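Below is one structure, written out as structure tokens, with a few remarks after it.
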Amino acid sequence: MLSSIVFASLNSARGKAVNAAALETARGVLPIASDCRGNGYYFVTLVDSNSGGGQICTQGWGSTVPWPRLPTGWQWITGYPGAAPADSHYILRKEVGEEVYYIGCGEWGCQETGPHAPVP
């Protein structure tokens, strides 16, 4: 019984650490994204939604910086999924069972939201 409680506690701590790493990765892209948007440039489509790759921005500073790899379970997404802040520059998404978590980043910083029901 005690071992199952310890195991559940470790899984919870591991999940929180992965989420914190995703939030820090998202925050690391924010200065580049702000420069890109602020100069009227556009984001470049990702090579892969989890492992990143490809330049972040069409021109300027972000044209030489690739999208970073995300922690396991998180994905870069485009478009507004309904649960992340509407004025987000870019969004990360993670599904855990029937729950969905988002990290949205914009001029105001990065914010984690969730859990939410999946958005179709």
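Please indicate, with yes or no, whether at least one residue in the range 19-41 is modelled with pLDDT under 80 and either over 15 Å from the mean Cα position of the chain (by Cα) or under 17 Å from Gly104 (Cα atoms) (or both). Write out each step before concluding.
Our first condition is that a residue be modelled with pLDDT under 80; within the range 19-41, this holds for none.
No - not one qualifying residue is present in the range 19-41.
Could you look through the range 40-59, keep only residues that are in contact (Cβ under 8 Å) with a residue 24 or more places away in the chain and in contact with a helix residue (DSSP H, G or I) (Cβ under 6 Å, 6 or more places away or on another chain), and pick out the one that is farthest from Arg93 (Cα to Cα)?
So the residue we want is Cys57.
Given the condition under 25 Å from Arg14 (Cβ atoms) and modelled with pLDDT under 80, answer yes or no: does some residue in the range 53-74 qualify?
no
Of the numbered conditions (1) open to solvent by 60 Å² or more (accessible area, probe 1.4 Å); (2) β-branched (Val, Ile, Thr); (3) modelled with pLDDT of 80 or more, Val47 satisfies every one except a single condition; which is it?
Of the numbered conditions (1) open to solvent by 60 Å² or more (accessible area, probe 1.4 Å); (2) β-branched (Val, Ile, Thr); (3) modelled with pLDDT of 80 or more, the odd one out for Val47 is (3).
Scanning the range 84-103 for residues that are surrounded by fewer than 21 Cβ atoms within 10 Å (Cβ to Cβ) and under 13 Å from the mean Cα position of the chain (by Cα), which turns out modelled with the lowest pLDDT?
Among them, the one singled out is Pro85.
The values are calculated or read from the model by the stated rules, or taken from the named source; none is laboratory data. Since we're looking at a predicted model, the values are computed, not measured. All Cβ positions, glycine included, derive from the backbone under ideal geometry; neighbour counts span all protein chains shown. Please note that ligands, DNA and RNA were not included when accessible areas were found on the heavy atoms of the full protein model with its side chains. Shrake-Rupley method; radii C 1.70, N 1.55, O 1.52, S 1.80 Å.
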